[in-house]
Each structure stands twice: as structure tokens, then as C-alpha cells.
Amino acid sequence: MCQILQPAMHPMDLMKTRLQLDNELSGKMNIFKERYYKGPIRGAVQVARDEGILGLYKGLSASMLRELSYSSIRSGTYEPIKIIMGGTDRHDTPMHVKMRAGALAGLFGSAFTTPTDIAKVRLQADGARGSPRLYKGPFDCFQQVYRQHGWKGLYTGATPNVIRAICLTSMQFPVYDHTKHLLLNHNLLSEGLLLHFLSSLTAGLASAVVSNPVDIVKTRIMNQRASEAKYVSPVDVFIKTLKSEGPLALFKGTTASWFRLGPAMTVFFIVYEQLRNLFGVNPI
């Protein structure tokens, strides 16, 4: 499912990366002042003007490589982990159990995908604002990073990448799950498309807000090259960003992230629920 949706979601994913890198360590505490990309929609128009329509799809191949394993593992392990942790009653499982199950599912899903994340981030930032293109594609990016830094280089940013996945998945599935059963248990809605739609939109918003600060750290540390390194560690990214751009900088790209996650999660959960019904499996 995620592979099919990826081309439609990718422009907002690219804008999330561009917004997170915009005015990096500029010392401008007002994140809305003198921005090059003025939000996800106008920013996408700006990218199309500067780099053509295909500029909005930079990094798509790396993104699809990443989703091939990452989302499959997360979605496939969440419910089994929840049951193992004691969440056997789908109508009355505590939120903390769902969040722990989601966090573990996110950890498992992201553990092996850092190299594809590095390629995605660097390709999305490649050629921005007239800068020279450095990579021909994801495999060229892998080769260049490996030649410069060895295997260790391909796992640059692994820690914030895993933490970001834990934050995202500890919200995504649990918030969908919990919102859905709150509405069901209070007889506000019955099982069906409207219930799935509202629950997934809520999950998308919660996931975007909670994961964005760590996503900023991940994006910035993955995008830096040895010749122009700005940071020595994820903590250094966090501190320097706060000092230079203020606390709101940690939420750059949140709207673009929700524009991507909201529709993606809506389609994902609706199809996921329909498939469960088709194969005789109880709804989430």
C-alpha cells in the first residue's frame, strides 16, 4: 500500500525536508521571516519554478526503497506486539500498552533502513536553491557515502532515525486505535469508512507533531557532508538549532509532514481495515 501511495505523497515529503533545512543555523529566531520556502504549498510552487516539476520527485526512488521494508515491518508487528504485551481486548486496551507496542514496532521497522533514509534526505536536498547536483540516484549516494566514510557513514543519524520512528509509531497506530475505540465505545460512530477516516486523520496530526523535533535532528545530521560538517552529534544538532533559530525551529516542516501523513494514513488504514475484513480478521 505504501509503495503505491509514495509518488502522490512524495512532494510533501520533499517539502518537509526542504523546510527543515531552510535557514539552517541562520540565527533568525523568527522562523517565518525571510524564508525561501514559504510553507508547503508555496514552497512546492517555488521548487517547481526553480527545478521543474520533476524537482518535486527528487529522492522518490530512495523513498520507495525505504518504504519497502520500513512500513511493512511496522504495520505487520504492531498488533502481535500489542497482544504479547497484554492488549488482547481490542475494545479496552490501555493507551500505554498501545504506545509501547507502537514504539517497538517503529524501532524494528527503522533499525535497518537508515542508509535509505540518508539517500532520501540527501537526494531531496540535492540541487536546492541553485546548488550543484551531487548525486545521480540512491545507489550513487550509497557509493559516495561508503567511499568517504565506510559502512559507518551509511548509518549516520541512526540514533535520531530510530527515535523518530519510535515517536511516530508510538502515536500512529495507538492514536488511531484509541481514537477509533473511543468513538465506538461512546456510540458516536459505528465501524465504517467515516470512523476510519476521522481516526486516521487524528493519528496523522499527532504523529507529525510528536515526531517533528526528532525528524529535524535526523534530517540535518543526515544531510551534512564531512567537508562542511556543522554538527558532531544528534544532541549538538538539537542544541545549536535551539540557540540559533529558537524552539519553534524544531517544528519546521510540521504542516508538510501532516499533509503527507494525514492522507497517507487515511488511505493506509482504510485499505488495511478492508483487507482485514476481506480475510475474516477482526478490525483493529
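The values are calculated or read from the model by the stated rules, or taken from the named source; none is laboratory data. Predicted model, so just to flag it, every value in this text is computed and none were measured. Cβ atoms come from the backbone with ideal geometry, glycine included; neighbour counts cover every protein chain shown.
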Given (1) modelled with pLDDT of 90 or more; (2) in a helix (DSSP H, G or I), LEU168 misses just (1)
Any residue in the stretch 148-169 that is crowded, with 22+ Cβ neighbours inside 10 Å sitting within a Cβ distance under 6 Å of a residue that is among the charged types (D, E, K, R) and assigned to a helix (DSSP H, G or I)? List the pairs, counting only those 6 or more apart or interchain. GLY157/LYS218; PRO160/LYS218; ASN161/ASP117; ASN161/LYS218; ARG164/ASP215; ARG164/LYS218; THR169/ARG74
Across (1) assigned to a loop (DSSP other than H, G, I, E, B); (2) touching a Lys or Arg at 6+ places or on another chain (Cβ under 7 Å); (3) touching a residue at least 24 places away in the same chain (Cβ under 8 Å); (4) within 30 Å of LEU184 (Cβ to Cβ), MET9 clears everything bar (1)
Close pairs from the stretch 260-284: first more than 30 Å from LEU14 (Cα to Cα) and in contact (Cβ under 8 Å) with a residue 12 or more places away in the chain, partner surrounded by 14 or more Cβ atoms within 10 Å (Cβ to Cβ) and basic (Lys, Arg), Cβ under 9 Å, at least 6 apart: ASN282/ARG90; ASN282/ARG276; PRO283/ARG90; PRO283/LYS180; PRO283/ARG276; ILE284/ARG90; ILE284/LYS180; ILE284/ARG276
Could we say that LYS218 is under 27 Å from ILE239 (Cα atoms), of a type in the set (Lys, Arg) and surrounded by 20 or more Cβ atoms within 10 Å (Cβ to Cβ) here? yes
On the given criteria, is LYS16 crowded, with 21+ Cβ neighbours inside 10 Å, touching a Ser or Thr at 6+ places or on another chain (Cβ under 7 Å) and of a type in the set (Lys, Arg)? yes
So which residues in the stretch 52-94 are in contact (Cβ under 8 Å) with a residue 40 or more places away in the chain and surrounded by fewer than 13 Cβ atoms within 10 Å (Cβ to Cβ)? HIS91, ASP92
Quick check: anything in the stretch 116-126 surrounded by fewer than 21 Cβ atoms within 10 Å (Cβ to Cβ), in a loop (DSSP other than H, G, I, E, B), of a type in the set (D, E, K, R) and in contact with a Cys (Cβ under 9 Å, 6 or more places away or on another chain)? yes
